[in-house]
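I have placed the structure first, in the form of structure tokens, so that the comments after it can refer back to it.
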Amino acid sequence: MAKKPPITNRVRELREAHGGVTQAALGEAIGVTRQTIIAIEQDRYSPSLESAFRIARFFKVGVEDVFGWEG
Amino acid sequence: MSFREKSAWVMAAIIVITAVLYAVMIAPLPGAVPPLPIVIGVVVVLTILSVLGQVAIAVFAPRDANAAADERDRRVADKAGNLSGMVLAVGVVLAMGTYLMGHGGNVMFHAVFVSLIAAQFAEYALTILFYRRGV
């Protein structure tokens, strides 16, 4: 298996907490594909700083409430 | 599976088919001379299969096919393209080595052609790997 990125996230948890926002809807809102949201949730992809901020803004929380560091 | 990953699977398969076709057609010929009609034929077959393959995938997922590449797609493409470029560079250097060792221009031509095919295959294989295992 590929080494997991040190960045963790709570994207799935936040989607569910915000009324079950779909991966496609979140992806469309921040300008990435549904597959990229899936990859982020499965820790197979660390988003760019810009996308990280867009995700945080979408959920109306701070970036540190979405992403963590496990380095 | 994203449109681009499906596309990479199809293109990897087409590259393998093209490589086998090239090998089967060239192998029986004496003197390793690369005949122009065969080389052109292989390129034409590769082009036609590529177009048909892409159209076939796009028919089943037209929305994904028209979507612009996002940041992950671009990162995957950059990394796969970078590494496959190295495969091509190594292949070309080895091909030049065959010429310097006296195997002649025909063998060098085949070696460069094979390097091109290997580099393309590497690019699609790496694309699939990065989409599946992360980039």
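In the set B:Tyr131, B:Tyr124, only one residue is hydroxyl-bearing (Ser, Thr, Tyr) and in contact with a Ser or Thr (Cβ under 7 Å, 6 or more places away or on another chain); that residue is B:Tyr131. All told, B:Val135 falls short of being assigned to a helix (DSSP H, G or I) and of a type outside the set (Ser, Thr, Tyr). For the stretch A:22-37, the set of residues classified as among the hydrophobic types (A, V, I, L, M, F, W, C) and buried (at least 17 other Cβ atoms within 10 Å of the Cβ) consists of A:Leu26, A:Ile30, A:Val32, A:Ile37, listed by residue number.
For residues that are touching a residue at least 24 places away in the same chain (Cβ under 8 Å) and more than 25 Å from B:Ala68 (Cβ to Cβ), scanning just the stretch A:1-11, find the one that is nearest to the other protein chains (Cβ to nearest Cβ).
A:Ala2
The criterion of at least 2 residues that are surrounded by 13 or more Cβ atoms within 10 Å (Cβ to Cβ) and within 14 Å of chain A (Cβ to nearest Cβ) is met, among helices (runs of 4 or more DSSP H) falling completely within the stretch B:13-101, by B:62-66, B:71-100.
Restricting attention to the stretch A:20-38 and to residues that are in a loop (DSSP other than H, G, I, E, B) and of a type in the set (A, V, I, L, M, F, W, C), the residue that is farthest from the other protein chains (Cβ to nearest Cβ) turns out to be A:Val21. Is it the case, given these coordinates, that B:Ser7 is at pLDDT 95 or above, crowded, with 18+ Cβ neighbours inside 10 Å, of a type outside the set (Lys, Arg) and closer than 16 Å to B:Gln120 by Cβ? No: the conditions fail for B:Ser7.
Quick grid of which residues meet (1) at the interface with chain B (Cβ under 8 Å from one of its Cβ atoms); (2) in a helix (DSSP H, G or I); (3) closer than 25 Å to B:Leu129 by Cα:
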position: A:Ile40; (1), (2), (3): no, yes, yes
position: A:Ala52; (1), (2), (3): no, yes, yes
position: A:Arg57; (1), (2), (3): no, yes, no
position: A:Lys60; (1), (2), (3): no, no, no
position: A:Glu64; (1), (2), (3): no, yes, no
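The set of residues in the stretch B:42-65 that are without any contact (Cβ under 8 Å) to a residue 40 or more places away in the chain and closer than 16 Å to A:Thr36 by Cα contains only B:Arg63.
The values are calculated or read from the model by the stated rules, or taken from the named source; none is laboratory data. Quick caveat: nothing in here was measured; it's all calculated off a predicted structure. Virtual Cβ from ideal backbone geometry, glycine too; neighbours counted across all protein chains shown.
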